[in-house]
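The values are calculated or read from the model by the stated rules, or taken from the named source; none is laboratory data. All figures in this text were calculated on a predicted structure; none of them were measured in a lab. A quick note on method: Cβ atoms are made from the backbone with ideal geometry, for glycine too, and the neighbour counts reach across all protein chains shown.
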């Protein structure tokens with residue numbers, strides 16, 4: 001029984017250490033590793049993840065062997081990332097090039113075969129991007145990260161303020177002031193506001209305490225948009 005508990009404790013510690021190291025390495029490598037995977041990023045991520053998993057169960061090998069292996073892969077990833085910033089040729093080799101799947105409204109089946117995308121996948125990507133009629137598109141390009149970029153035909157693109165020769169105020173991202181009942185004091189101070197202003201604005205909307213607020217944001221017009229925690233009108237109704 002004692003040996004069993006020791007084994008459980010050892011595996012638990014190994015799993016904890018491997019998870020922490022994996023998180024730290026991924027954090028240092030940057031957001032690209034989790035948001036825009038290239039071929040090389042994918043290989044590095046899989047390798048480091050496999051080593052971390054092996055570290056959790058292989059009790060015959062000491063910790064530092066696995067840490068060294070993950071560190072080597074990490075250094076390779078960082079080194080190649082720095083090199084690709086300066087070398088266009090190496091960047092193209094590692095990351096790949098964009099490939100045109102539709103040119104001037106015409107599909108290119110040969111290019112679709114190269115990137116292993118069939119017509120069903122392509123149409124699904126079109127619908128996800130909001131294009132339910134393929135005839136609305138002028139160009140479609142497969143990016144190195146696996147996503148498809150679409151350019152609609154001029155007659156089908158949304159009307160812009162430039163088309164109407166209008167001058168409009170530039171929108172800015174909303175600023176979170178309350179999240180799940182907690183006041184974001186740094187954001188409030190950054191906007192040049194205080195809690196007295198916030199309390200007054202909440203009272204104007206019939207809310208006594210910030211604890212009653214699920215989410216509140218300050219929009220580009222300096223208006224407080226509030227979403228209370230209890231809103232009967234927003235009760236979820238399952239689809240039939």
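Structure data summary
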| item | result |
| --- | --- |
| Odd one out for residue 122 among (1) modelled with pLDDT under 80; (2) within 30 Å of residue 158 (Cα to Cα) | (1) |
| Helices (runs of 4 or more DSSP H) wholly inside region 55-149 that include at least 1 residues being in the same structural domain as residue 45 (by TED's automatic domain parsing) | 63-86, 88-95 |
| Failed criterion for residue 193 (all others in (1) in a loop (DSSP other than H, G, I, E, B); (2) modelled with pLDDT of 90 or more; (3) under 30 Å from residue 97 (Cα atoms) hold) | (3) |
| Options 52, 77; residue that is without any contact (Cβ under 8 Å) to a residue 40 or more places away in the chain and buried (at least 16 other Cβ atoms within 10 Å of the Cβ) | 52 |
